[in-house]
1. Just give me the residues in segment 153-208 being in contact with a Gly (Cβ under 8 Å, 6 or more places away or on another chain) and among the small types (Gly, Ala, Ser), in sequence order.
2. Does Ser146 satisfy the criteria of being among the polar types (S, T, N, Q) and surrounded by fewer than 16 Cβ atoms within 10 Å (Cβ to Cβ)?
3. Out of all the residues in segment 68-112, which are modelled with pLDDT under 95, in a loop (DSSP other than H, G, I, E, B), buried (at least 19 other Cβ atoms within 10 Å of the Cβ) and not hydrophobic (A, V, I, L, M, F, W, C)?
4. Just for segment 170-208: of the residues that are acidic (Asp, Glu) and at pLDDT 90 or above, which one is farthest from Val144 (Cα to Cα)?
5. Just give me the residues in segment 162-196 being of a type in the set (Val, Ile, Thr) and either surrounded by 12 or more Cβ atoms within 10 Å (Cβ to Cβ) or part of a helix (DSSP H, G or I) (or both), in sequence order.
6. Considering only segment 137-187, state which residues are in contact with a Phe, Trp or Tyr (Cβ under 9 Å, 6 or more places away or on another chain) and hydroxyl-bearing (Ser, Thr, Tyr).
7. Of all residues being assigned to a helix (DSSP H, G or I) and surrounded by fewer than 19 Cβ atoms within 10 Å (Cβ to Cβ) in segment 115-128, which is modelled with the lowest pLDDT? Just the residue, please.
8. Where the second residue is aromatic (Phe, Trp, Tyr) and in a helix (DSSP H, G or I) and the first is free of Cβ contacts under 8 Å to residues at least 24 places away in the same chain and outside the structural domain of Arg65 (by TED's automatic domain parsing) and lies in segment 98-117, which pairs have Cβ atoms under 6 Å and are six or more apart or on separate chains?
Amino acid sequence: MARNLGPVCRLCRREGLKLFLKGERCYSDKCAIERRNYPPGAHGQARTRFSEFAIRLREKQKVKRIYGLQEKQFESYFIEANRLPGNTGESLLLLLERRLDNVVYRLGFASSIAQSRQLVRHGHYLVNGKKVTVPSYLVSVGEVVSIAEGSRQKKVIVEAIEMAQRRGVPPWITLEREQFRGSLRSLPARADLTMPISEKLIVEHYSR
């Protein structure tokens, strides 16, 4: 599946909740969910009955869109999570949360995961002092993620940091805003992941 190049607000409307794909716009009254809280398209307001398969598929699509992944990428994460000990669904979410583009977003160094991915590829962030340009890099506990010195005054990053002060950071992340760096204090517990996700449905989808 090719990466979506259309209006991302349609994705939020399709899933029926804010996926926070548009940065500042998601926190304003211009948010598509606030204005038109029904699926896009001519039949968006029609009542629809979903089969069990459709419910599981929608949950998988929702999580895939939250983290901005393509189908094969998401499936590879599920396969890896299935190999790990413990709950497969929780292992899947932990792998996704550890992605560098996601950690940069959680730290408030980008206004959305899509923007974070682009900035990572352009070399604006360091991990333990070394430039990393791979958005899928898995950040480990204790590794320090920082903004490259030459990028700290970049307009999009400055605006993202200002917006993040209102958004806050998760409890499993340590942020040193004045030093433009942060790290994983620990792996997030399931209770720390506040997006309405039912990982059990995703496991059922791939296990059918």
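1. Result: Ala160, Ala164, Ser183.
2. It is false that Ser146 is among the polar types (S, T, N, Q) and surrounded by fewer than 16 Cβ atoms within 10 Å (Cβ to Cβ).
3. Once the filter is applied, which keeps residues that are modelled with pLDDT under 95, in a loop (DSSP other than H, G, I, E, B), buried (at least 19 other Cβ atoms within 10 Å of the Cβ) and not hydrophobic (A, V, I, L, M, F, W, C), segment 68-112 yields Gly68, Gly108, Ser111, Ser112.
4. That would be Glu204.
5. Result: Val169, Ile173, Thr174.
6. Those that are in contact with a Phe, Trp or Tyr (Cβ under 9 Å, 6 or more places away or on another chain) and hydroxyl-bearing (Ser, Thr, Tyr): Ser146, Ser151, Ser186.
7. Step by step, filter segment 115-128, then rank; the result is Gln118.
8. Ser116/Tyr105
The values are calculated or read from the model by the stated rules, or taken from the named source; none is laboratory data. Not measured: the values here are computed from a predicted model. In this analysis, Cβ positions are derived from the backbone assuming ideal geometry, glycine residues included, and neighbour counts consider all displayed protein chains.
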